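Peer 1: Can you keep this structure in mind? I'll have questions shortly.
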Amino acid sequence: MENDEQNKKERRIEQPVILIDGHCYLCQDIVRYLVKRDSRARFRFAALQSPAGRSILKAMNDGGDGDMDDFDSFILAVNGRYYNRSGAALRVWKGLGGWRSLAYALIVIPAPIRDAVYRFIARNRYRWFGKSEQCLLPTKEVRERFLPEGY
């Protein structure tokens, strides 16, 4: 039974999934940017607040509750591994390929330093970019890249 559940989780995350704060305008703009530039349609998306996002968060926390209401993190789920904050962002840039993949070189900066910058932006994102009272309402093109029940 446990192996069946693990297999279902792995099947659900067949390609990299990016979890974003569905209320954050900056995060919504990032999704639109990535959809436009991810010509191979490599990345899928889900809002952290959505049923699909919560399911991935639960898997990430090994089925435990964890902090299911912490929406300050950008999360990349790929092949059963989970990356957050700056580590996730740099891996996404790398996944886009081309000149953008050069940003991955910043991975040599220690994570606490990278994540301090990330947290500063995350703390101020609503003030600087705004906040929607509803989760992302994607266009048809963007919606096709979201997981079922991902927004």
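Peer 1: Out of the residues in the range 80-103 that are among the charged types (D, E, K, R) and part of a helix (DSSP H, G or I), which is nearest to residue 59 (Cα to Cα)?
Peer 2: Step by step, filter the range 80-103, then rank; the result is 85.
Peer 1: Still on this model: Mind counting the residues in the range 21-43 that are charged (D, E, K, R) and part of a helix (DSSP H, G or I)?
Peer 2: So the answer is 4.
Peer 1: Would you tally the residues in the range 133-151 being modelled with pLDDT of 80 or more and under 13 Å from residue 33 (Cβ atoms)?
Peer 2: Count: 1.
Peer 1: Same structure again: Does residue 106 satisfy the criteria of being in a helix (DSSP H, G or I) and under 18 Å from the mean Cα position of the chain (by Cα)?
Peer 2: Numbers: in a helix (DSSP H, G or I): yes; under 18 Å from the mean Cα position of the chain (by Cα): no.
When the stated conditions are applied, residue 106 does not pass them.
Peer 1: So which of 119, 85, 114 is modelled with pLDDT of 95 or more and not small (Gly, Ala, Ser)?
Peer 2: On inspection, the qualifying residue turns out to be 114.
Peer 1: Specify the residue that is surrounded by the most Cβ atoms within 10 Å (Cβ to Cβ); the eligible residues are those in the range 39-49 that are of a type outside the set (A, V, I, L, M) and touching a residue at least 60 places away in the same chain (Cβ under 8 Å). Spell out the reasoning first.
Peer 2: First, the residues of the range 39-49 that are of a type outside the set (A, V, I, L, M): 39-40, 42-45, 49.
Retained after the next criterion (residues that are touching a residue at least 60 places away in the same chain (Cβ under 8 Å)): 43-45, 49.
Working: 43: 19, 44: 20, 45: 27, 49: 19.
It comes out as 45.
Peer 1: Oh, and also: Residue by residue through the range 84-128, note down the ones that are of a type outside the set (Gly, Ala, Ser) and exposed (fewer than 12 other Cβ atoms within 10 Å of the Cβ).
Peer 2: First pass over the range 84-128, keeping only residues of a type outside the set (Gly, Ala, Ser): 84-85, 90-94, 96, 99-100, 102, 104, 106-110, 112-115, 117-121, 123-128.
Listed by number, the residues that qualify are 99, 102, 108, 110, 112, 113, 120, 123, 124, 127, 128.
The values are calculated or read from the model by the stated rules, or taken from the named source; none is laboratory data. From a predicted model like this one, the values you see are computed outputs, not experimental measurements. We place every Cβ from the backbone using ideal geometry, glycine too, and count neighbours over all the protein chains shown.
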